[in-house]
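The values are calculated or read from the model by the stated rules, or taken from the named source; none is laboratory data. What you see is a predicted model; the values in this text were computed from it and never measured. All Cβ positions, even for glycine, are placed from backbone atoms using ideal geometry, and neighbour counts span all protein chains on display. All accessible areas refer to the heavy atoms of the entire protein, side chains included, with ligands and DNA or RNA removed. Shrake-Rupley method; radii C 1.70, N 1.55, O 1.52, S 1.80 Å.
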Amino acid sequence: MTAAAPVLLALAGLLVLAAALLARGRLVAVTVRGHSMSPTLMPGDRILMLRGRRRVATGRVAVVVAPHPEHGWHSATGTTPDSWYVKRIVAVAGEPVPHWAGRCPGTHVPPGMLVLLGEKPGSMDSKQLGYCPEEKLIGTVLFRLRAAAAS
């Protein structure tokens, strides 16, 4: 067996796993709209998202159901890709509430809740909307597939 054979086997295994996840709808390509995550993600960037809550952790980029304009994340809203938000998870259950998150009561994030932040100042996130229930999480971003075309 050559030195490259184990690498090729591992790559083949990853491709089979990715194909299985795609077939089951667990991997989803999402197009970023809006500037709330710039400069990390720009409008038109394509990202690969893993559906579900397994990879929820501080620092990860998440895709969540868009909040209701008046009632935040505690109201029913659409679940189509056109109504998804992309934000960074800055605190999960049990972690301290960031000082800037005045709409998130308490000193630590309660169970089942997330504190989210857009990277662009003025982004609509936990600063204005408070905690995001983890049930509103659609998935976490694995990586950027393609950067937006330069204009």
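Can you confirm whether segment 34-42 contains a residue that is open to solvent by less than 40 Å² (accessible area, probe 1.4 Å) and at pLDDT below 90? No, every residue in segment 34-42 fails to be open to solvent by less than 40 Å² (accessible area, probe 1.4 Å) and at pLDDT below 90. If you check V109, V97, which single one turns out to be modelled with pLDDT of 95 or more, farther than 18 Å from V28 by Cβ, of a type outside the set (F, W, Y) and in contact with a strand residue (DSSP E or B) (Cβ under 6 Å, 6 or more places away or on another chain)? Just a single option satisfies the conditions, and that option is V109.
The set of residues from segment 46-70 being open to solvent by 30 Å² or more (accessible area, probe 1.4 Å) and modelled with pLDDT of 90 or more comprises R46, R51, V56, A57, T58, G59, R60. Count of segment 93-130 residues, restricted to those that are free of Cβ contacts under 8 Å to residues at least 60 places away in the same chain, over 13 Å from the mean Cα position of the chain (by Cα) and open to solvent by 20 Å² or more (accessible area, probe 1.4 Å), is 22.
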